[in-house]
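Below is one structure, written out as structure tokens; the observations come after it.
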Amino acid sequence: MTLTLYQIDAFAERVFSGNPAAVCPLSAWLPDELLQAIAAEHNLSDTAFFVPEGDGYRLRWFTPKAEVDLCGHATLASAFVLFEHLGYAQPEIRFHTRSGTLLVSRSGDGLSMVFPAVVAKPCEAPAALVAGLCRTPSTVLGARNYIAVYETEEDIRALKPDFAQLSTLDLHAVIATAPGRSVDFVSRFFAPKFGVPEDPVTGSSHCELTPYWSARLGKTSLQAKQLSARGGALRCELRGEQVVLTGRAVHYMTATISVPVSG
């Protein structure tokens, strides 16, 4: 069987920046083990698959090691493929996912995604978190991920994580964040136990970061930057129990892949 695959740089203004995601449209679901094998073969932080369903599409995301509940950059990339390559003509796309229905629409700044807001709570810093980040944070919060808050952008840039330590933590991943010099806040994202030592730009982490920084800074519209080697920018807006994440995407590659079919 041959399938079309798109590689899109999400949260990017140009190629070779932002977060690359593989997007594979399907007419019907393939076996989960095959989807996982495709994602492992690509070895990007996430590969997205979608199938038409009802009033939208069923969307799923796989890291090289496992299926995940939420992925922002691969959602942005999937919407970009539908709008720019597959002729989707409606103003809004509805993606049905493990995290509920996600809406994506065009905006003046690119594409805007409506995600559920996640409020993290203060917690004790696990020993493996402090050892893994090799620098003690001023505050630690927990929700889907641990959030390690530091004083300055320079603190975030200086982190040299011990991924073996971070991979032993009980939560999904670790977000390190601090106030930004030219933006409201900056962050980095580490998910080594899911095969993603450092993610270039992570939309889903901003579902937790936006409520925190909104409360701390007293504003609902924020500019954010992720300080990975590739880097990426997002506009984040808190709307009650929802977070609207806006960013751009750039097409890098369209390819044909060959996969085995049983029977």
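Could you please find all residues in region 9-28 being exposed (fewer than 13 other Cβ atoms within 10 Å of the Cβ) and either of a type in the set (A, V, I, L, M, F, W, C) or touching a residue at least 60 places away in the same chain (Cβ under 8 Å) (or both)? Give the derivation first.
Taking region 9-28 first, the residues exposed (fewer than 13 other Cβ atoms within 10 Å of the Cβ) are 14, 16, 27-28.
Once the filter is applied, which keeps residues that are exposed (fewer than 13 other Cβ atoms within 10 Å of the Cβ) and either of a type in the set (A, V, I, L, M, F, W, C) or touching a residue at least 60 places away in the same chain (Cβ under 8 Å) (or both), region 9-28 yields 14, 16, 28.
Does residue 155 meet the test of being surrounded by 15 or more Cβ atoms within 10 Å (Cβ to Cβ), outside the structural domain of residue 59 (by TED's automatic domain parsing), closer than 18 Å to residue 211 by Cβ and not hydroxyl-bearing (Ser, Thr, Tyr)? Spell out how you get there, then give the answer.
On the way: surrounded by 15 or more Cβ atoms within 10 Å (Cβ to Cβ): yes; outside the structural domain of residue 59 (by TED's automatic domain parsing): yes; closer than 18 Å to residue 211 by Cβ: no; not hydroxyl-bearing (Ser, Thr, Tyr): yes.
Spelling it out, it is not the case that residue 155 is surrounded by 15 or more Cβ atoms within 10 Å (Cβ to Cβ), outside the structural domain of residue 59 (by TED's automatic domain parsing), closer than 18 Å to residue 211 by Cβ and not hydroxyl-bearing (Ser, Thr, Tyr).
Residues being assigned by TED's automatic domain parsing to the domain that holds residue 10, within 19 Å of residue 236 (Cα to Cα) and touching a Cys at 6+ places or on another chain (Cβ under 8 Å) are represented in region 66-85 by at least one member. Of the listed requirements (1) closer than 21 Å to residue 236 by Cα; (2) crowded, with 18+ Cβ neighbours inside 10 Å, residue 183 misses just one: (2). If only residues of region 164-178 that are under 16 Å from the mean Cα position of the chain (by Cα) and part of a strand (DSSP E or B) are counted, the one that is farthest from residue 235 (Cα to Cα) is 174. Touching a helix residue (DSSP H, G or I) at 6+ places or on another chain (Cβ under 8 Å) and either closer than 18 Å to residue 82 by Cβ or acidic (Asp, Glu) (or both), is that true of residue 62? Here the answer is no, as residue 62 does not meet what is asked. From the list 214, 221, 187, the one residue that fits, being within 19 Å of residue 129 (Cα to Cα) and at pLDDT 95 or above, is 187. Filtered by the rule that a residue be small (Gly, Ala, Ser), within 13 Å of residue 244 (Cα to Cα) and in contact with a helix residue (DSSP H, G or I) (Cβ under 9 Å, 6 or more places away or on another chain), region 183-223 gives 203, 204, 205, 221.
Give region 126-159 a look and list any residue that's touching a strand residue (DSSP E or B) at 6+ places or on another chain (Cβ under 6 Å), assigned to a loop (DSSP other than H, G, I, E, B) and of a type in the set (Val, Ile, Thr), or say none. Result: 152, single match.
Results for (1) touching a residue at least 12 places away in the same chain (Cβ under 8 Å); (2) hydrophobic (A, V, I, L, M, F, W, C); (3) more than 29 Å from residue 139 (Cβ to Cβ), shown as yes or no for each residue.
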position	(1), (2), (3)
73	yes, no, no
86	yes, yes, yes
94	yes, no, yes
123	yes, yes, no
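Of the set (1) assigned to a loop (DSSP other than H, G, I, E, B); (2) under 26 Å from residue 239 (Cα atoms), all apply to residue 113 but (1).
Of all residues in region 224-247, exactly one satisfies the criterion of being modelled with pLDDT under 95 and of a type in the set (Lys, Arg), namely 230. Evaluate region 55-71: report whether one residue or more is more than 15 Å from the chain's Cα centre (by Cα) and over 26 Å from residue 144 (Cα atoms). Among the residues of region 55-71, at least one is more than 15 Å from the chain's Cα centre (by Cα) and over 26 Å from residue 144 (Cα atoms), which makes the answer yes. Within this structure, residue 181 passes the test of being at pLDDT 95 or above and either in a strand (DSSP E or B) or not hydroxyl-bearing (Ser, Thr, Tyr) (or both). The single residue among 52, 64 that is at pLDDT below 95 and not in a helix (DSSP H, G or I) turns out to be 64.
The values are calculated or read from the model by the stated rules, or taken from the named source; none is laboratory data. All values derive from a computational prediction rather than experimental measurement. Cβ coordinates were reconstructed from backbone atoms using ideal geometry, including for glycine residues, and neighbour counts include every protein chain displayed.
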